1. Quick check on my filter: what residues within the stretch 213-225 are in contact (Cβ under 8 Å) with a residue 40 or more places away in the chain and under 15 Å from Gln146 (Cα atoms)?
2. Quick check, is Ile172 more than 24 Å from Gln146 (Cβ to Cβ), among the β-branched types (Val, Ile, Thr) and modelled with pLDDT of 95 or more?
3. Being at pLDDT below 95, within 15 Å of Met76 (Cα to Cα), open to solvent by less than 60 Å² (accessible area, probe 1.4 Å) and assigned to a helix (DSSP H, G or I) is the requirement here; does Ala348 meet it?
4. Got a number for residues in the stretch 328-344 being open to solvent by 70 Å² or more (accessible area, probe 1.4 Å) and either in a loop (DSSP other than H, G, I, E, B) or over 27 Å from Leu373 (Cβ atoms) (or both)?
5. Anything in the stretch 114-131 that is touching a helix residue (DSSP H, G or I) at 6+ places or on another chain (Cβ under 8 Å) and not β-branched (Val, Ile, Thr)? List them, or say none.
6. In the stretch 320-339, is there at least one residue being farther than 20 Å from Tyr230 by Cβ, touching a Phe, Trp or Tyr at 6+ places or on another chain (Cβ under 7 Å) and at pLDDT 95 or above?
7. With respect to the numbered conditions (1) more than 27 Å from the chain's Cα centre (by Cα); (2) in a helix (DSSP H, G or I); (3) within 30 Å of Met141 (Cβ to Cβ), which one is the sole condition not fulfilled by Leu365?
Amino acid sequence: MKNPEAQQDVSVSQGIRVMFYMMKPNETSFRTLEEVPDYVKKATPFFISLMLLELAVSWIRKGKPPGRVDDSLTSMSAGILSRLPRLFSRSIELTSYVYIWENYRLIGLPWDSPWTWYLTFLAVDFGYYWFHRMAHEVNIMWAGHQTHHSSEDYNLSTALRQSVFQVYTSWIFYSPLALFIPPSVYAVHLQFNLLYQFWIHTEVIGNLGPLELILNTPSHHRVHHGRNRYCIDKNYAGTLIIWDRIFGTFEAESEKVVYGLTHPINTFEPFKVQFHYLIYIWTTFWATPGFFNKFSVIFKGPGWSPGKPRLGLSEEIPEVTGKEVPFSSLASQLLKIYAVVQFALLLAFYEDTFADKAALSQVTLLLRVCFILLTLTSIGLLLDQRPKAALVETLRCLVFLTLWRFGHLKPFIPSLSLAFEKNFAESCCIPKA
């Protein structure tokens, strides 16, 4: 958003209701795009609170946490990566929409009408269904979306495992709405649709009875995340499951769901999680003979190869036994605790960067982003137990001290500033100013 000062505050009550799409038109209708709150950015405390609640419920019911530390850190790392471009520019989902609205709109529906609000709710959800379906059926789009499916756990942190470049194709499916729906109304529902999908990534909620007929629920979405054959390419819904029922992609949860990709990637390195499939497409593209076959590698389904149907053969999907063991880090418990602490500090730093971005120079923003990327990479290497992990982590600590020394970072506790300066001066022989 261009002018954060113009945005309305979000109360605790609204923050909770936003997570479940329970807001009313009269409290979420805005004349201009600049007035629309960044609900996603403001949702971080609610993400954390709900994850802690899920942890407590799972521990009470099952005597164990809902996931593993290594997998959860990787999911949250992906969420941070996906949001970093917002530090420099507005999302392409909004910039493309505004361009079409300003230059090609046919009519302009009233921004403050409840009818416009509810129509946009349905239209955005319908657009999401088709984007999501194509993200599974078009290989180059799957290259982005597979990030979200790469977790072998299914808990609220999995919802945060988002792709960096998925947004560069999703905007296409919402662009027709710009012919008649004001950008401010669209921006509200684009965020609500995304935030609603957070709470359905859990195993602690079972069947919700009659709600299962209309809404996308944890049960329906567990099927979508499964790699069982009966789960593949099912339940694409965002908020309403009715689209899957209408277009023949609905499947109810039956046998135990095994989560993750059909061919697990077995890594916690954030860049591999994001980009490994693009590398696979690249190598497959050059290894496949014929122009039309190369074209098909990009635009047909992930399971396609010459001589097969567009979406591949279902019998080639690996069978699951229910005894699959998820890939886990071999790092010691002490090292995992260290990784959690470093990630928690990074999360606070990430939030601080977004809060202060209007006051930070472009150079400082860029350096902060580089430090965030280095930290996430280092955590992934530590969890994967890569040979160079210790070297990268040492480099990261030195980079932190250097950036702090030159004013691009600041300690979260001001009283630590003097101690940092003293230690830095002694270790690096830099005289105090």
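The values are calculated or read from the model by the stated rules, or taken from the named source; none is laboratory data. The model shown is predicted, which means the values in this text are computed figures rather than measured ones. Backbone-built Cβ (ideal geometry, glycine too); neighbour counts: all protein chains shown. The area values use the complete protein model at the heavy-atom level, side chains included, leaving out ligands, DNA and RNA. Shrake-Rupley method; radii C 1.70, N 1.55, O 1.52, S 1.80 Å.
1. If the condition is that a residue be in contact (Cβ under 8 Å) with a residue 40 or more places away in the chain and under 15 Å from Gln146 (Cα atoms), then His225 is the only one that fits.
2. So Ile172 does not fit the description; no.
3. Yes; evaluated as a whole, the condition is true for this residue.
4. Here the count works out to 1.
5. Within the stretch 114-131, Pro114, Trp117, Tyr118, Phe121, Ala123, Asp125, Phe126, Gly127, Tyr128, Tyr129, Trp130, Phe131 meet the criteria.
6. yes
7. Status for Leu365: all satisfied but (1).
Yes or no, residue by residue, for (1) aromatic (Phe, Trp, Tyr); (2) at pLDDT below 95; (3) loosely packed, with under 15 Cβ neighbours inside 10 Å:
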{"site": "Pro25", "(1), (2), (3)": "no, no, no"}
{"site": "Lys42", "(1), (2), (3)": "no, yes, no"}
{"site": "Leu52", "(1), (2), (3)": "no, no, yes"}
{"site": "Ile80", "(1), (2), (3)": "no, no, no"}
{"site": "Tyr104", "(1), (2), (3)": "yes, no, yes"}
{"site": "Ser113", "(1), (2), (3)": "no, no, yes"}
